[in-house]
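Notes to accompany the following structure.
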Amino acid sequence: MNHIVCIAYVPDTETKIRIAAGGVSIDEADVKWIVSPYDEYALEGALQMKEAKGGTVTALTFGPARADTGLRECLARGADDAIRIASEGLGEVDSLGVARLLAGAIKALPHDVVWMGNKGVGTDAQVLVPMLAELLDLPHVNLVTKLEWKDGAVLAYREIEGAREIVEMPLPGVIGATKGLNEPRYASLKGIMAAKKKAIAVKTPADAGVDPVTVAGEAAHVRWTKLELPPARQAVKLVPGDDPAKAATELLRLLRDEAKVL
Amino acid sequence: MTITPAQATYFGFSGTLLFALLLLGALTLFTYTASRRIQLLTLGGPPEDRLDHPLARLWHMAEYGLLQRKMFRDPYAGLYHALIFSGFLVLLLRTLMLVFEGLFPGAGLPFLPTGFWQGYLLVKDLVLVTTFAGVVLALARRHVAKKERLDPSFDADLILLLIGFLMVTDLGAGAAKMALDAAKSAALGATPSTALAQNALWEPLTYSLSKQFSFLSSSSLQAIYFGAWWAHLVAIFVFGNYLPFAKHFHVITALPNLFFAKLEPAGKMATFDIERAAEAEKFGVSKIEDFTWKQKLDMFTCTECGRCREVCPTHLTGKPLTPKGFMVDLRNALYADADALIDADAGRGDGSAEVALAARRPLIGGWIDEETIWACTTCRYCEHACPVGITFVDKITDLRRHLVLEKSSFPKEAQTAFNGMERQGNPWNLAASDRAAWTVDLPFPVLTMAEAADAKLAGGVEVLFWVGCAGSYEERGKRVSRSLARLLHEAGVTFAILGTEETCTGDAARRLGNEYLFQTLARQNVETMKGYGVTRIVTNCPHCFNTLANEYPDFGGTFEVMHGTELVSRLVREGRIRLVNGEARSLSFHDPCYLGRHNGVYDAPRELLNAIPGIVLKELPLSRGNGMCCGAGGGRMWLDETIGARVNQARFAEIEANGTDAVGVSCPFCMVMLGNAKTELAGRTEAYDVLELAAQALPAHPG
């Protein structure tokens, strides 16, 4: 089976986000970039399947040159090929634009399973899985925590509120992975060294069959108008608990009068 | 005159001929065994140079091999071992005398004046008895006192009995011959000759025994003499040829093993060339032959005395790793396939050796469990205890290197730490941008090297304060960092930090086998420090201390590195800091492994504690070189501890039993581990960093 894994190269989840001048983007100085943790579950799922049943794994991303490092990491973990659709010079592209670019590139490749995380952790729009499936005219199953492979189909377990849903999806199809699906591996040095020798194919939007004008800038359906940091967390207020009745009264008063949540 | 056993004829064969054949057979067999062992030692494995600094090596061998400095830490064992060892040294010459006598009977001893031989006979006579006494004491230790560290061993009993037998036969042969000479001389009606009087003088013990034999007939005496003489020599040949097959190989290999011992700092791990390893597609050790010749010599040399496990934290808490068991397993793995390894290495035969090797029991998972490999805290107690200079941590970390770099197989908790070190420069995986946040509450500014460079300080920065990850992120560690900053500020020392330019030294990554990550971090840090022209560093983390001082030189970073307690105790000694405040309290001190055993810094924290008013130090039973690990070393800080009792709790229990008001520590990891143990056990003894206590004793400043 041929697996395509779409990855997002995003700021490390530990990054202290600062808003850049202009107020519509983040300050990228000192940001450490990583493959989105949810995409790591997707990659791991594809690698495990390849190890069990054979086939190839191709890592695919849309992004600037720095994202090559993320693709290199996918190669180090065991992906066979890596493709980057270059984002340089395009300006802001929204989720639908990204989905169209990815779908365009995927159409040119043999694909039985298309994987990605249920979300990146960058803008966290969580819409790419269904968008991509629609554009590829494939079925999709999202928020998957367990997979059972059958002939020409896959049983996908997904956590829904208060229950677990089991979906059978025919292949080819798109899988949106989430935490719980597996434990992503750590690249071995052997893998890292082998990955250094592999080439990353850099493609233009045109190679993916997409005219940049139709996805970027004015063509984007979603545009950021303002970014704001959440207010700083206030100091914790401890209510002494020597006298439970008094403490409860005081707690109620604080919640009602100061926090104004009651 | 009495004829010697070699002069007699046996079934028509000359005794000398029989003796020569026996000797030839024994030597041939020994040469064959020894050459096989040497081939096994030298095949496979990367090269290792252990011939540098020959004089230091000779001294090391003399100190620990001949004077046996470590043996007397257990006085009883030291005594009996010294008795037997001195017996070996003395009786080696005796054996040569007997061989000479066997080959050239009646020729008299060559080369040296009679006076020497007389003196030697006297020494030999005493040593026969003291060696025998040593054997009896050793057997008593094994079978009566039953020391925990000793396991029942057929080999040990066999060898001890053989040594005893050698002493008895030597003494018996000598006494029977003396009695026979006396009987013959009496039969001739001669007065006691001067020769007999000489006997009493130079071989008094043999002489007294010969008196006991005087009731025997000449033929009986001759039978005893000949029988014991031959039995003694045959026993020597058996003994010599048995040694390489048993734990008593140390008789031959211990001195070389000490000569070839590691002279570099104990805490320095070997650096390997990643590019070259990548070409060979081989990282770390996965097969027994991948170990270096010196590492294999360690395996040959283990005597199974078990000193290594007496304070081993994993052994004491019921984990699968005991240093002795580990070393014996490695040796068994080496011996089990010795023939196939040698044949395959020599490219001999029909390829069956290669087939056998391909099908053999794997080293990892077969001989050594992965759990065993991950259990080690690299505290080096075992290496401190080993009397014959065996190292263990290098072998554990070589196996870890294979598991991490080649197999990517390790406890999954380590991955969080690796990712954190890789991405944010700290194993907690907290934001790199917060690295200098610990300074905010200080009443004076702490400059970064970059700021200091911009400010062009007069006299420059005296010392770089290397804060470390724990000192930057861990709550208690941050308090300790502020304490050291206050102490330096009080002394008027111009210091600076690297701030967000500092990143993890990589100690835990390296000890968990992730050499690639370690080298990446090391190169980055060395480059940063060299960029600022750093020459002196002070740090309060013993792990940073060890890595900066001992391991960074391999990456071009040679600095003068001081531990916080070393610098502050010196500032106190020089009168630059006055410690005036303090409450009366008793204090235990817990030695951090990476400060104490790895780097020999035992006195600085104690000197500082003694300078603080009110503190009365009460040493723990396990302290200094015998200090027990808190359980966090070797990257164990970042792994779950699921097997057996918890190391930190075992150590904390001992601290509680010491009955002091508090315990002093000098390592942020020890602080965390002992603090956790206190909570887990609802204990009483609070842990304080020595620098916290010192900072509390600073004079209060108005405003």
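The values are calculated or read from the model by the stated rules, or taken from the named source; none is laboratory data. Everything quoted here is computed from the prediction, not taken from an experiment. Methodologically, a virtual Cβ is constructed for each residue, glycine included, from the backbone with ideal geometry; neighbour enumeration extends over all protein chains shown.
All conditions but one from (1) free of Cβ contacts under 8 Å to residues at least 40 places away in the same chain; (2) outside the structural domain of B:Gly659 (by TED's automatic domain parsing); (3) of a type in the set (A, V, I, L, M, F, W, C) apply to B:Leu579; the one that does not is (1).
Residue-level check: of (1) within 11 Å of chain A (Cβ to nearest Cβ); (2) buried (at least 17 other Cβ atoms within 10 Å of the Cβ); (3) over 33 Å from the mean Cα position of the chain (by Cα), B:Ala436 misses just (1). The condition of being more than 30 Å from A:Leu254 (Cβ to Cβ) and over 20 Å from the mean Cα position of the chain (by Cα) holds for only one of A:Thr178, A:Thr204, that being A:Thr204.
Total residues in segment B:585-625 satisfying the condition of being under 20 Å from B:Arg73 (Cα atoms) and of a type in the set (Lys, Arg): the figure is 2.
Just wondering, is there one or more residues in segment B:373-381 that are surrounded by fewer than 21 Cβ atoms within 10 Å (Cβ to Cβ) and not assigned by TED's automatic domain parsing to the domain that holds B:Val647?
Keep residues of segment B:373-381 that are surrounded by fewer than 21 Cβ atoms within 10 Å (Cβ to Cβ), which gives none.
Scanning segment B:373-381 turns up no residue that is surrounded by fewer than 21 Cβ atoms within 10 Å (Cβ to Cβ) and not assigned by TED's automatic domain parsing to the domain that holds B:Val647.
Scanning segment B:527-556 for residues that are more than 25 Å from the chain's Cα centre (by Cα), under 21 Å from B:Leu447 (Cβ atoms) and either in a helix (DSSP H, G or I) or not assigned by TED's automatic domain parsing to the domain that holds B:Gly425 (or both) turns up B:Glu527, B:Thr528, B:Met529, B:Lys530, B:Gly531. Suppose the filter is closer than 30 Å to B:Ala280 by Cα, more than 14 Å from chain B (Cβ to nearest Cβ), at pLDDT 95 or above and out of contact with any helix residue (DSSP H, G or I) (no Cβ under 9 Å at 6 or more places or on another chain); does A:Ala201 pass it? Yes: the conditions hold for A:Ala201. Scanning segment B:3-58 for residues that are of a type in the set (A, V, I, L, M), loosely packed, with under 14 Cβ neighbours inside 10 Å and closer than 22 Å to B:Leu258 by Cβ turns up B:Ile38, B:Leu51, B:Leu55, B:Ala56, B:Leu58. Scoring A:Pro231 on the criteria (1) closer than 30 Å to A:Arg72 by Cα; (2) at pLDDT below 90 leaves a single failure, condition (1). Would you check if B:Glu422 is surrounded by fewer than 19 Cβ atoms within 10 Å (Cβ to Cβ), more than 8 Å from every other protein chain (Cβ to nearest Cβ), assigned to a helix (DSSP H, G or I) and touching a residue at least 40 places away in the same chain (Cβ under 8 Å)? No: the conditions fail for B:Glu422. Filter segment B:261-312 down to the residues that are touching a Phe, Trp or Tyr at 6+ places or on another chain (Cβ under 9 Å) and under 20 Å from B:Leu67 (Cβ atoms), then identify the one that is surrounded by the fewest Cβ atoms within 10 Å (Cβ to Cβ). Selected residue: B:Ala261.
Here's the yes/no breakdown for (1) without any contact (Cβ under 8 Å) to a residue 40 or more places away in the chain; (2) aliphatic (A, V, I, L, M); (3) buried (at least 21 other Cβ atoms within 10 Å of the Cβ):
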residue	(1), (2), (3)
B:Asp151	no, no, no
B:Ile163	no, yes, yes
B:Asp170	no, no, yes
B:Leu180	no, yes, yes
B:Ala183	yes, yes, no
B:Ala187	yes, yes, no
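Inside segment A:207-260, residues that are out of contact with any Lys or Arg (no Cβ under 7 Å at 6 or more places or on another chain) and over 29 Å from A:Ala125 (Cβ atoms) make up a count of 26.
Of all residues in segment B:408-419, none that is closer than 15 Å to B:Phe518 by Cβ has its Cβ atom under 9 Å from the Cβ atom of a residue that is surrounded by fewer than 17 Cβ atoms within 10 Å (Cβ to Cβ), 6 or more apart or on another chain.
Residues in segment B:228-276 that are within 14 Å of another protein chain (Cβ to nearest Cβ) and either of a type in the set (Phe, Trp, Tyr) or in contact with a helix residue (DSSP H, G or I) (Cβ under 8 Å, 6 or more places away or on another chain) (or both): 2 in all. Looking only at segment B:439-475, which residues are among the hydrophobic types (A, V, I, L, M, F, W, C) and either within 14 Å of chain A (Cβ to nearest Cβ) or farther than 18 Å from B:Val493 by Cβ (or both)? Matches in segment B:439-475: B:Val440, B:Ala450, B:Cys469, B:Ala470. Candidates are the residues of segment B:444-470 that are out of contact with any strand residue (DSSP E or B) (no Cβ under 8 Å at 6 or more places or on another chain) and in a helix (DSSP H, G or I); the one that is farthest from B:Glu502 (Cα to Cα) is B:Ala455. Whether a residue is among the acidic types (Asp, Glu) and within 19 Å of B:Trp202 (Cα to Cα) was assessed, and B:Asp125 passes this test. In segment A:31-58, the residue that is farthest from the other protein chains (Cβ to nearest Cβ) out of those that are buried (at least 22 other Cβ atoms within 10 Å of the Cβ) and touching an Asp or Glu at 6+ places or on another chain (Cβ under 7 Å) is A:Thr58. At the interface with chain A (Cβ under 9 Å from one of its Cβ atoms) and farther than 30 Å from B:Asp74 by Cα, is that true of B:Phe410? Yes: the conditions hold for B:Phe410. Restricting A:Ala105, A:Ala65, A:Ala59, A:Ala82 to residues that are in a helix (DSSP H, G or I) and not hydroxyl-bearing (Ser, Thr, Tyr) narrows the list to A:Ala105. Could you say whether any residue in segment A:229-246 is under 29 Å from A:Gly104 (Cβ atoms) and touching a strand residue (DSSP E or B) at 6+ places or on another chain (Cβ under 7 Å)? Within segment A:229-246 (the criterion being under 29 Å from A:Gly104 (Cβ atoms) and touching a strand residue (DSSP E or B) at 6+ places or on another chain (Cβ under 7 Å)), the answer is no, since none of the residues qualifies. Looking across B:Arg510, B:Arg523, one residue alone is among the basic types (Lys, Arg), out of contact with any Gly (no Cβ under 6 Å at 6 or more places or on another chain) and within 14 Å of another protein chain (Cβ to nearest Cβ). It is B:Arg510. For A:Lys190, the conditions (1) crowded, with 19+ Cβ neighbours inside 10 Å; (2) in contact with a Lys or Arg (Cβ under 9 Å, 6 or more places away or on another chain); (3) within 14 Å of another protein chain (Cβ to nearest Cβ) all hold with the exception of (1).
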